[in-house]
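Heads up: the structure comes next, in structure tokens.
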Amino acid sequence: MNPDGTSQQEFYGSGGYWPNAIFFSPPISDHPTRFVGIVTGHHVGRVGELMIFDPAQGRTSTKGVVQRIRAVPVVGDEGESSRSRQAFQCR
């Protein structure tokens, strides 16, 4: 966007059904266009799947998705893994 407010454009995902929302999306160091973010719904909270995006490959839907980072199951006190919710959450 220009300093006077002209030439505004979306950074990623405008006009599509997915992703609904991307939260906590810092740039990835040592790469000029990639960023990482938590993909979730608008009203779900800040819990969702962690994705790496590259707007240089595409700005809508899954065109710019570089990688989905899978969550590691958390081991509870009983030694069993909690597989009910394998999602990332920022606090």
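Every number here is computed from the coordinates shown, using simple stated rules; none is lab data. Just so you know, these numbers come straight off a predicted model, no measurement behind them. Here the Cβ is made from the backbone with ideal geometry for all residues, glycine too, and neighbour counts use every protein chain on show.
Computed from the mean reciprocal separation of all distinct C-alpha pairs, what Kirkwood hydrodynamic radius does the stretch 21-70 have, in Å?
Details: mean 1/r = 0.0902 Å⁻¹.
Every distinct Cα pair counted, the radius reaches 11.1 Å.
How far is it, in nm, from the label point at F11 to the one at F24 when both lie 7 Å from their Cα along the line to the Cβ?
Output for this residue pair reads 1.5 nm.
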